[in-house]
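Everything on this sheet refers to the single structure shown next.
The values are calculated or read from the model by the stated rules, or taken from the named source; none is laboratory data. What you are looking at is a predicted structure, and each value in this text was computed from that prediction instead of being measured. Positions of Cβ are generated from backbone atoms using ideal geometry, with glycine treated the same way; all protein chains shown enter the neighbour counts. Side chains included, ligands, DNA and RNA excluded: accessible areas come from the protein's heavy atoms. Shrake-Rupley method; radii C 1.70, N 1.55, O 1.52, S 1.80 Å.
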Amino acid sequence: QVQLVESGGGSVQPGGSLRLSCVASGFTFSSATMRWYRQAPGKERELVAGITSTGSNTIFADSVKGRFTISRDNAKNTVYLEMNNLKPEDSAVYYCKRFGVNYWGQGTQVTVSS
């Protein structure tokens, strides 16, 4: 069965950095487009970034462009989200997801505050 296990979240001060990881199993990861989403309290879940199966193409929400980077290691079935210059409005639970499949992992909490 599909499994997505996110990790790497935590509490940081504004301007700080975090690197999230998502380990996938139960499907052919190297063929899958992957995405990161986030959901803040009281808000809808939103797309943060996406990456195609080979890593050749990426997309980012306007709010994170220039600050976040998405990458993947198909040998490790892992997709990463490098987050720099974090802002309080980046605080949310972050989820990874296989594009086109309605399955969500447990997410990892990111809190940015001073």
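Its Cα centre serving as origin, the chain has a Cβ charge dipole (Lys and Arg +1, Asp and Glu -1) of approximately 120 debye. For THR33, nonlocal amide neighbours, meaning residues 5 or more places apart or on other chains whose placed amide H falls under 5 Å from its own, are SER53, PHE99. Orientation-averaged projection of segment 63-114 equals 4.6 nm² [convex hull of Cα atoms, one quarter of hull surface area]. The antiparallel fraction among DSSP beta bridges confined to the chain stands at about 90%. Cross-link candidates for LYS87: which lysines have Cα within less than 25 Å, leaving aside residues fewer than 8 places away along the same chain? Once the sequence-local lysines are set aside, what remains near LYS87 is LYS43, LYS65, LYS97.
Per residue, the convex hull spanned by the alpha carbons of the chain comes to 91 Å³. The share of accessible area on the chain that comes from carbon and sulfur is 46 percent, using a 1.4 angstrom probe. On a per residue basis, segment 29-100 carries 50 Å² of accessible surface, using protein heavy atoms and a 1.4 Å probe. Taking all protein chains as shown and a probe of 1.4 angstrom, MET34 keeps an accessible surface of around 0 Å².
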